[in-house]
Amino acid sequence: MSFLKSLASTAGAAVSIIASADYDINWKDQAPRDAAVQHWAEVKKKADAALPLAGLRLTAEQKAKLDELLKGEGVFPDEPTDVLLDGLPDAIPPASLNRIIGSIIDDCIKNHKHDSVPSIASGKE
């Protein structure tokens, strides 16, 4: 009986993880960009932690785009830029963005109302 409880618990956890990555976010819309700016410290922390796996999950073209967006630094910048936020959906597939930072963005869009979004640099220097 203990084995069955353990199996059920493990299966439940797996379903929870899979379901949690199923957000309905259009990553090219303004709302996710604004949420990312508002919660950049959290986004950066989760995104930086996921970078070591990027090489295993991204195509060569996506990896090159991500490296270009990160300016070869290997980590996300301390402050987001327009270029970075505009380019992420092309460098990282939506399912991966959902898995990595979807919970932060989805929660912000659904539950937080911000009076304004801080302005960010264009990143086109």
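Which residues, taken from the stretch 81-125, are touching a strand residue (DSSP E or B) at 6+ places or on another chain (Cβ under 8 Å), buried (at least 17 other Cβ atoms within 10 Å of the Cβ) and of a type in the set (G, A, S)? Residue satisfying the conditions is G123 alone. Annotation note: of L53, L97, L58, L85, the sole residue that is more than 17 Å from I25 (Cα to Cα) and either in contact with a helix residue (DSSP H, G or I) (Cβ under 8 Å, 6 or more places away or on another chain) or hydroxyl-bearing (S, T, Y) (or both) is L58.
Considering the stretch 66-80, and only residues there that are of a type outside the set (A, V, I, L, M) and assigned to a helix (DSSP H, G or I), the residue that is most open to solvent (accessible area, probe 1.4 Å) turns out to be E68. Among the residues of the stretch 96-123, those that are in contact with a Pro (Cβ under 9 Å, 6 or more places away or on another chain) and in a loop (DSSP other than H, G, I, E, B) comprise I120, G123.
The values are calculated or read from the model by the stated rules, or taken from the named source; none is laboratory data. Just so you know, these numbers come straight off a predicted model, no measurement behind them. Reconstructed Cβ throughout: ideal geometry from the backbone, glycine too, with neighbour counts over all protein chains shown. Areas reflect the complete protein model, heavy atoms only, side chains present, ligands, DNA and RNA absent. Shrake-Rupley method; radii C 1.70, N 1.55, O 1.52, S 1.80 Å.
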